[in-house]
Structures are given as structure tokens and as C-alpha cells.
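**Q** Let me give you the structure first, and then I'll get to my questions.
The values are calculated or read from the model by the stated rules, or taken from the named source; none is laboratory data. Predicted model only: the values in this text are computed from it and were never measured. Note that each Cβ is placed from the backbone with ideal geometry, even for glycine, and that neighbours are counted across all protein chains shown.
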Amino acid sequence: MEMRADLLIVGAGMVGSALALALQDSGLEVLLLDGSPLSVKRFDDQAPFEPRVSALSAASQRILERLGVWDGIVKRRSAPYTDMQVWDGSGTGQIHFSAASVHADALGHIVENRVVQDALLDRLHDCDLGMLANARLEQMRRSGDDWLLTLADGRTLRAPLVIAADGANSAVRRLTGVATREWDYLHHAIVTSVRSAKPHQSTAWQRFTDTGPLAFLPLERDGQQDWCSIVWSTTPSEAERLMAMDDADFCKALERAFEGRLGEVLSADPRLCVPLRQRHAKRYVAQGLALIGDAAHTIHPLAGQGVNLGFLDAAVLAEVLLQAAARGERLADVKVLSRFERRRMPHNLALMAAMEGFERLFQADPLPVRWLRNTGLKMVDQMPEAKALFVREALGLIGDLPALAKA
Ligand SMILES: Cc1cc2nc3c(=O)[nH]c(=O)nc-3n(C[C@H](O)[C@H](O)[C@H](O)COP(=O)(O)OP(=O)(O)OC[C@H]3O[C@@H](n4cnc5c(N)ncnc54)[C@H](O)[C@@H]3O)c2cc1C
């Protein structure tokens, strides 16, 4: 039997789920589908930390509060961070950012992706939204004014508007032939959680090493501050070497690379290694189609911005669709969908370019560049106004914000 909806969201990850919730009172028949079972795990606050975490900005927090999801995150597990320390491992330059400098309580929250996802799913299960679990998209083609989607189990779905929220390797993007610009960072990221001898002081730490950035992001369990999530970006060969080490050697190598800022690294959970690739869709929209989140763009984790950009995509797209519906416009019309692209693409591109420049600057080896980098960091560290501007940008509270992210 063929199912029909006004709007199909393919992918119920963090971004697709947020979009579905933002459209819950739209009066539209929305169907959210995902290849996974979409079940919520009972939360155990003593369970080991999940290796994948996100640094959620204040803008993301506001969006999740308004969607009724934030309480579900806080009641599980999250760690606010008030400060950020960034330094150059091959020099003396360093810079410190604080929430206090802009009279904010926190710069953001480190939250395990699973926690965000489960809080979103809890909320979705409470709402009257159409959801299809174990629904893996395999084929997709135009059929009159609609899209006709075929799932792996043979079921078919029809809708005039399809939103791709199916992640970095988006099947929708591939099946609809949306072109991307992409390049390899020649970096792999090792992610895991580690326990250190000294407390993290609610600070996000980032050291630029010769082979890439190393971040220690604060985690909290029962108010204890001795666990951090690490994201260690390095060359593929170095990543291979680090992945092959036993835990004791890995902890020693990590402590050295981090200059022992949090004392001895006492233990490490199982490691994951993720190849890093920058990807950006040349267009986010076409007739009856829009791409959001990682399906539209993937960015180096040094920015800690991937899902934050995705939540803003979801909030802006929902706003554009709701306004168009109120005016009686056809939502699948590329003219309507282009309003979303015009608001999001410049912002996403600017951030990706800034991160690319940052990454190159810190990879550069020539002495004059290193000198400039160190002097620059020290100079900016003495400029409170410039730093406050950076902090406001990191909080995600400047620019063309959707109503869901406004104060
Ligand atoms: C090492 C690392 C560290 C990171 N750290 C941060 C950070 O600190 N802060 C931050 O903001 N971001 C961070 N990110 C990025 C962040 O994790 C991503 O931006 C985010 O997960 C993207 O969410 P999404 O919902 O767009 O896609 P995904 O989370 O990939 O979700 C896609 C969904 O689509 C479903 N799906 C896929 N294919 C199909 C199909 N064919 N049919 C049906 N369903 C399908 C999947 O099951 C999944 O549920 C990091 C990324 C990496 C790699």
C-alpha cells in the first residue's frame, strides 16, 4: 500500500527530529522516517559516556527549550562549560574566552549525542506526529508533481515535498543528484572519553598540535569533573598508530600531546576513529526538495558547530514553511524553499571558510607564520571587545536568527 503525506522528512537524527517537532502544530501531514528502530534507551546515569558528543550553543539550547526537549536533556546528563582555553602547541600563544565576559551563565553545554537524540525521540513519541521506524530509503523518483520513495522493504511513500535530513552520506542527496563540493581534510578524528587526575574546571580545552587540534571537552556525572570527551584530529597514519596502542600507552601519548594540563590521564574508554571530510551541497533546494543538517554540509569538528548549524537550518526551514502555509503558498515551490537557502547558505559557508582558514593557519609550519600566529593569539587575548564578539558568535546569538532561537 502506498502512503501519502504533505511533507516527508527522511532521517530522524538530531536535525530531522527537531524539524518534525517544529512543524508539529502546522496542520500539515508530516511523516518522519528513519532506517533505525527509533527506540529510546532507558537512561542509566552510571553508564559509561557515549563517545560522540556535541557542544550545544546557546542558540541550540533555546531551540530545544522551545521544542520542549531541553528538560529531557538536563534530566539525563549534560555539562555546562563556562570557559574555553585555546593554545598553540608549537609556541607560546594562547587565548582564553569566558561566559562572564558577556554576562552569560555558560558558553554552551557538552551533551552526548545519544542523550539529545533520546530526549528528542521522547518528545516525538508524546506528540501526534507520523513516524516510520526501520524505514530505509532506497529509491526515489519524480511522479507527476510528487516524489515517489521506495523503502528497502518494498513499501512506497508519496509526497510533494521531501526534506533530506539523512546525514553526511545522504541517500536523498545522491538519489536526486544534488552536486556537492567536497574535500578530504587528510585528518582522522579519534573520539573517546577519558578520566584525568585534575578536574576540568568546566572548561573546554583545545590545543593545536603539529598534526591537528586536540580537544578536551568537560563531562559531568554526579557533579564529578574528572571525565572529558576528547576529539583528537590527526593525520591518518598517526591515527592508525594511536588506535593500535593499548590503553596505557594511549593514555600516556594523550597526556603528552595535551601537555599534561589536566595531570595524568588515568583511563580511557574504547576509541572510535572517524575520517573527516568537508562537504557542502552546491544547492540546498530544488523543486519539492530541501537539504538540512549534515545532508547539506559537514564541517571540521574543531568548530564544534555541526549540529548547531543543523538546528538553525531546521528552525529557519520550519519558519519559512509556516509563513508560506499561512499565506496559502505552495510549500514545494522552489521559490518558497529558496527563502530558506538564502538565509542559511551564506551563514554556513562563512563559518566553514573561517574554520578552514583557522585549520590551515595552525597547520602552517614556516617560522614567520608561526610567529604571526603566536603574536596574534596573544594580542587578541588582550582585546576584550574582540573576544566578546567571538564569544557572542560562538553562543550563536548574532546574525539572522529564526524566532525559535531568539531571546
Ligand atoms: C568527531 C566528531 C565530533 C563532532 N563534534 C561536534 C560538536 O562538538 N558540536 C557539534 O555541533 N557538532 C559536532 N559534530 C557534528 C555532528 O555530530 C553532526 O553535525 C550531527 O550529528 C548531524 O546531525 P544530522 O541529524 O544532520 O545527521 P545524522 O546524525 O547523521 O542523522 C541522520 C539520520 O538519518 C538516518 N538515515 C541515514 N540514511 C538513511 C536512509 N537511507 N533512510 C532512512 N534513514 C536514513 C540515520 O539513521 C540517522 O538517524 C561532530 C562530528 C564528528 C565526526
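**Q** Just to be sure I understand the filter: pairs with C-beta atoms under 8 Å, separated by 6 or more residues or on different chains, first member in the range 146-160 and over 12 Å from LEU31 (Cα atoms), second member at pLDDT below 95 and not in a strand (DSSP E or B). Which pairs pass?
**A** ARG155/MET1
**Q** Please determine, by comparing only the residues of the range 1-18 that are in contact with an Asp or Glu (Cβ under 8 Å, 6 or more places away or on another chain) and in a strand (DSSP E or B), which one is farthest from the ligand (Cβ to nearest atom).
**A** First, pick out the residues of the range 1-18 that are in contact with an Asp or Glu (Cβ under 8 Å, 6 or more places away or on another chain): 4-7, 10-13, 15-16.
Filter once more, so that each one left must be in a strand (DSSP E or B): 4, 7, 10.
Details: ARG4: 18, LEU7: 15, VAL10: 5 Å.
Only one residue tops the list, namely ARG4.
**Q** Please go through the range 284-305 and give me each residue that is within 20 Å of the chain's Cα centre (by Cα) and surrounded by fewer than 20 Cβ atoms within 10 Å (Cβ to Cβ), ordered by number.
**A** Scanning the range 284-305 gives a single hit, ALA303.
**Q** Right, another one. Step by step: first the residues of the range 126-178, then only those that are hydrophobic (A, V, I, L, M, F, W, C) and assigned to a loop (DSSP other than H, G, I, E, B), then the one that is farthest from the ligand (Cβ to nearest atom). Which residue is that? Before the answer, list the steps.
**A** Start the filter on the range 126-178 by keeping residues that are hydrophobic (A, V, I, L, M, F, W, C), which leaves 127, 129, 131-133, 135, 137, 140, 147-149, 151-152, 157, 159, 161-165, 168, 171-172, 175, 178.
This time we only want the ones that are assigned to a loop (DSSP other than H, G, I, E, B), so: 127, 129, 133, 135, 152, 165, 168, 178.
Numbers: CYS127: 18, LEU129: 15, ALA133: 10, ALA135: 6, ALA152: 8, ALA165: 6, ALA168: 6, VAL178: 15 Å.
That would be CYS127.
**Q** Residues that are charged (D, E, K, R), within 13 Å of the ligand (Cβ to nearest atom) and outside any helix (DSSP H, G or I): does the range 232-254 have at least one?
**A** Scanning the range 232-254, I find no residue that is charged (D, E, K, R), within 13 Å of the ligand (Cβ to nearest atom) and outside any helix (DSSP H, G or I), so the answer is no.
**Q** Additional query: Within the bounds of the range 90-102, is there any residue that is crowded, with 20+ Cβ neighbours inside 10 Å and modelled with pLDDT of 95 or more?
**A** no
**Q** With the condition kept exactly as written, say whether any residue in the range 164-173 is surrounded by 14 or more Cβ atoms within 10 Å (Cβ to Cβ), touching a residue at least 24 places away in the same chain (Cβ under 8 Å) and within 30 Å of ARG221 (Cα to Cα).
**A** Start the filter on the range 164-173 by keeping residues that are surrounded by 14 or more Cβ atoms within 10 Å (Cβ to Cβ), which leaves 164-168, 170-173.
Within this subset, residues satisfying the condition of being touching a residue at least 24 places away in the same chain (Cβ under 8 Å) are 164-168, 170-173.
Narrowing the set further to residues that are within 30 Å of ARG221 (Cα to Cα) leaves 167.
Yes: one or more hits.
**Q** Exactly one of these conditions fails for VAL194: (1) closer than 26 Å to PRO275 by Cα; (2) within 10 Å of the ligand (Cβ to nearest atom). Give me its number.
**A** (2) is the only condition that VAL194 fails.
**Q** Working carefully through the options PRO368, PRO346, find the one that is out of contact with any His (no Cβ under 8 Å at 6 or more places or on another chain) and modelled with pLDDT of 60 or more. Show your work before the answer.
**A** On the way: PRO368 fails: modelled with pLDDT of 60 or more.
Only one candidate qualifies: PRO346.
**Q** Further question: Just checking, how many residues over the range 54-70 are touching a residue at least 40 places away in the same chain (Cβ under 8 Å) and away from the ligand (no atom under 16 Å from the Cβ)?
**A** So the count comes out to 2.
Yes or no, residue by residue, for (1) among the acidic types (Asp, Glu); (2) in contact with a helix residue (DSSP H, G or I) (Cβ under 6 Å, 6 or more places away or on another chain):
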site: ILE73; (1), (2): no, yes
site: MET84; (1), (2): no, no
site: SER101; (1), (2): no, yes
site: ASN113; (1), (2): no, no
site: ASP122; (1), (2): yes, yes
site: ARG142; (1), (2): no, no
site: ASP146; (1), (2): yes, no
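**Q** Name the residues in the range 282-311 that are of a type in the set (Val, Ile, Thr) and either part of a helix (DSSP H, G or I) or near the ligand (Cβ under 10 Å from one of its atoms) (or both), would you?
**A** Passing the criteria: ILE292, THR298, ILE299, VAL307.
**Q** In the range 19-53, how many are within 8 Å of the ligand (Cβ to nearest atom) and not hydroxyl-bearing (Ser, Thr, Tyr)?
**A** Counting residues in the range 19-53 that are within 8 Å of the ligand (Cβ to nearest atom) and not hydroxyl-bearing (Ser, Thr, Tyr) gives 5.
**Q** Just the residues that are outside any strand (DSSP E or B), closer than 17 Å to ALA106 by Cβ and in contact with a strand residue (DSSP E or B) (Cβ under 7 Å, 6 or more places away or on another chain), please, taken from the range 202-231.
**A** Selection gives SER202 alone.
**Q** One residue is enough: does the range 319-335 have a residue meeting the conditions assigned to a loop (DSSP other than H, G, I, E, B), loosely packed, with under 14 Cβ neighbours inside 10 Å, at pLDDT 65 or above and not charged (D, E, K, R)?
**A** Within the range 319-335, one or more residues are assigned to a loop (DSSP other than H, G, I, E, B), loosely packed, with under 14 Cβ neighbours inside 10 Å, at pLDDT 65 or above and not charged (D, E, K, R).
**Q** Then there's this: Take PRO80 and decide whether it is of a type outside the set (Phe, Trp, Tyr), modelled with pLDDT under 95, in contact with a strand residue (DSSP E or B) (Cβ under 6 Å, 6 or more places away or on another chain) and under 28 Å from ALA268 (Cβ atoms). Give the steps one after another, and end with the answer.
**A** On the way: of a type outside the set (Phe, Trp, Tyr): yes; modelled with pLDDT under 95: no; in contact with a strand residue (DSSP E or B) (Cβ under 6 Å, 6 or more places away or on another chain): yes; under 28 Å from ALA268 (Cβ atoms): yes.
Taking the combined requirement at face value, the residue does not satisfy it.
**Q** So, one more: Mind listing whichever residues of the range 126-175 are in contact with a Pro (Cβ under 9 Å, 6 or more places away or on another chain) and within 19 Å of LEU38 (Cβ to Cβ)?
**A** ALA133, ASN134
**Q** Filtering the range 31-89 down to residues that are in contact with a Phe, Trp or Tyr (Cβ under 8 Å, 6 or more places away or on another chain) and polar (S, T, N, Q), which residue is farthest from ASP118 (Cα to Cα)?
**A** Filtering the range 31-89 for residues that are in contact with a Phe, Trp or Tyr (Cβ under 8 Å, 6 or more places away or on another chain) and polar (S, T, N, Q), the one farthest from ASP118 (Cα to Cα) comes out as GLN85.
**Q** Here is a check on your reading of the model: is GLY263 surrounded by fewer than 19 Cβ atoms within 10 Å (Cβ to Cβ) and under 25 Å from GLY16 (Cα atoms)? Reasoning before the result, please.
**A** Values: surrounded by fewer than 19 Cβ atoms within 10 Å (Cβ to Cβ): yes; under 25 Å from GLY16 (Cα atoms): no.
No.
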